[in-house]
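Below is one structure; the comments refer to it alone.
The values are calculated or read from the model by the stated rules, or taken from the named source; none is laboratory data. Being a predicted model, the structure only gives us computed values, none of them experimental. Here the Cβ positions follow ideal geometry from the backbone for every residue, glycine too, while neighbour counts run over all protein chains shown.
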Amino acid sequence: MSYRVQEISPDALTLDKKNPRFGISHAVDETEALDILLETTDLKELWDSIAERGFERFEPLVATEEDGQLIVLEGNRRLAAVKLLRNPSTIKREPQRKRVPTLPPEKLATCDTLPVIVVNDRKEALGYIGFKHVNGPARWSSLAKAKFGVDFFESFGGALTPQERMQSLTKQLGDSRGLIIRLLVAYKIIQQSIYLGIFDKLEISETSFEFSHLYTLINNPDSRQFIGLSRAPLSETMIVDNPVPPTHYEALTELLGWLYGASSVISSQGTDRPRLQRVLGIPDAIHELRVTGDLSSAETIAGLGTEDWISLLAKAAAMTQKAAADAALVLSEVNAKDVETAKKLLMRIQTQVRQINSAFPEVEGQ
């Protein structure tokens, strides 16, 4: 489908209050939308570009008409930058207003109109916008991706089954089904938590929390069960409003506190999140965490998961196999120092293997 680029005054264009960049924040009007974009995106680089070269016209904005207004679906950051350059007084707070530069008249004149493609509705533009910001050159944060994905998923209404909607969504966004489902379910949980007042109770900022903690954690069956979700693999049918049942609101509050609140036990996503995940599968370990707030103490009670240990051993075996296969290729090139280092490492590996073997009972016939 071909589209005609129109030149439209910025004054005739309206920022999208549903902009995925806002994450779980909400803009009630354009002034608030401008304020959110000013605080959460880098408008300075756009101002610097316009001051140097004028408004770049290579990529049109995308807009649609809603309630008699032209709502910009793609290009909100660029539109915000232009609107503030043309009218800095829109910003109510003096320190923020001073950040807006004064441009030479000839550069500012390049913003008198902007190139815009007008589409029939949001759905018509969703695929392009999603691919650009999910896997394309202007990637959103994971929270923005989740908000966009939920809006896209729900835009189909009852016309398609959840599975058909997800199939269309994965094709449009170019991302894996599993990742998209995790993002969307986690976003629904966050929406529910805000509605229940849990974020206010825990004094969690809606603009600065690390969304990846939650969407990674819920991939684990024990973690899902802790907040009342099914242990079954995540699926499209779980992308619903208020996914956590009332019986588990207290558990949800606890989990969000451990992830984001003043009692957070997550210092490192890579190490602490798996540790918390292990604790959530052991009732005694959960009790220890509730009483002490000490993740290490709770993890000690939880013990090391057998599956985790076997997985670690499998990785070690695979790495050793690769090293053995590559040995013949590198031996002709190594110097004496490298040989000595390799021998010391091999001795360490042999010692560690003997220690592991000695921990296991003898198996008859082996």
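Report, by residue number, each residue of the stretch 9-45 that is among the aliphatic types (A, V, I, L, M) and either at pLDDT 90 or above or in contact with a Phe, Trp or Tyr (Cβ under 9 Å, 6 or more places away or on another chain) (or both).
Start the filter on the stretch 9-45 by keeping residues that are among the aliphatic types (A, V, I, L, M), which leaves 12-13, 15, 24, 27-28, 33-34, 36-38, 43.
Of everything in the stretch 9-45, those that are among the aliphatic types (A, V, I, L, M) and either at pLDDT 90 or above or in contact with a Phe, Trp or Tyr (Cβ under 9 Å, 6 or more places away or on another chain) (or both) turn out to be A12, L13, L15, I24, A33, I36, L37.
Within the stretch 202-216, identify whether any single residue is of a type in the set (V, I, T), buried (at least 16 other Cβ atoms within 10 Å of the Cβ) and not in a helix (DSSP H, G or I), and answer yes or no.
Checked against the condition, which is being of a type in the set (V, I, T), buried (at least 16 other Cβ atoms within 10 Å of the Cβ) and not in a helix (DSSP H, G or I), the stretch 202-216 yields at least one hit.
Yes or no: P115 touching a Leu at 6+ places or on another chain (Cβ under 8 Å) and either assigned to a loop (DSSP other than H, G, I, E, B) or under 26 Å from F211 (Cβ atoms) (or both)?
The answer is no for P115.
I'm trying to understand the selection: among the residues of the stretch 208-231, which are under 19 Å from A144 (Cα atoms), in contact (Cβ under 8 Å) with a residue 24 or more places away in the chain and of a type in the set (S, T, Y)?
If the condition is that a residue be under 19 Å from A144 (Cα atoms), in contact (Cβ under 8 Å) with a residue 24 or more places away in the chain and of a type in the set (S, T, Y), then S212, Y215, T216 are the ones that fit.
For the list (1) over 15 Å from the mean Cα position of the chain (by Cα); (2) part of a helix (DSSP H, G or I), I need the number of the one condition that I190 fails.
The one condition I190 does not meet is (1).
On the basis of being modelled with pLDDT of 80 or more and exposed (fewer than 10 other Cβ atoms within 10 Å of the Cβ), does A262 make the cut? Don't jump to the end; show me each part of the working.
Details: modelled with pLDDT of 80 or more: yes; exposed (fewer than 10 other Cβ atoms within 10 Å of the Cβ): yes.
Spelling it out, A262 is indeed modelled with pLDDT of 80 or more and exposed (fewer than 10 other Cβ atoms within 10 Å of the Cβ).
Please state which one of A144, A186 is closer than 25 Å to L37 by Cα and modelled with pLDDT under 90. Quick ask: steps written out before the conclusion?
Values: A186 fails: modelled with pLDDT under 90.
Going through A144, A186 in turn, just one is closer than 25 Å to L37 by Cα and modelled with pLDDT under 90: A144.
Of all helices (runs of 4 or more DSSP H) completely enclosed by the stretch 270-336, which ones contain at least 2 residues that are at pLDDT 90 or above and of a type outside the set (D, E)?
Of the helices (runs of 4 or more DSSP H) lying wholly inside the stretch 270-336, those with at least 2 residues that are at pLDDT 90 or above and of a type outside the set (D, E) span 283-292, 295-302.
Can you tell me which residue within the stretch 156-187, out of those that are hydrophobic (A, V, I, L, M, F, W, C) and not in a helix (DSSP H, G or I), is farthest from I239 (Cα to Cα)? Outline the logic, then answer.
Taking the stretch 156-187 first, the residues hydrophobic (A, V, I, L, M, F, W, C) are 156, 159-160, 166, 169, 173, 179-181, 183-186.
When the remaining residues are screened for being not in a helix (DSSP H, G or I), the result is 156, 159-160.
Details: F156: 13, A159: 16, L160: 14 Å.
Among those residues, the one meeting the criterion is A159.
Among the residues of the stretch 260-269, write down those that are outside any loop (DSSP other than H, G, I, E, B) and either of a type outside the set (F, W, Y) or not assigned by TED's automatic domain parsing to the domain that holds I204 (or both).
Q269, the sole residue that qualifies.
Considering only helices (runs of 4 or more DSSP H) fully contained in the stretch 1-93, which possess at least 3 residues that are farther than 21 Å from E206 by Cα and either without any contact (Cβ under 8 Å) to a residue 60 or more places away in the chain or over 29 Å from the mean Cα position of the chain (by Cα) (or both)?
Values: elements: 30-40, 44-53, 76-86.
By residue number, 44-53, 76-86.
Among the residues of the stretch 22-34, is any crowded, with 20+ Cβ neighbours inside 10 Å, touching an Asp or Glu at 6+ places or on another chain (Cβ under 8 Å) and not charged (D, E, K, R)?
Checked against the condition, which is being crowded, with 20+ Cβ neighbours inside 10 Å, touching an Asp or Glu at 6+ places or on another chain (Cβ under 8 Å) and not charged (D, E, K, R), the stretch 22-34 yields at least one hit.
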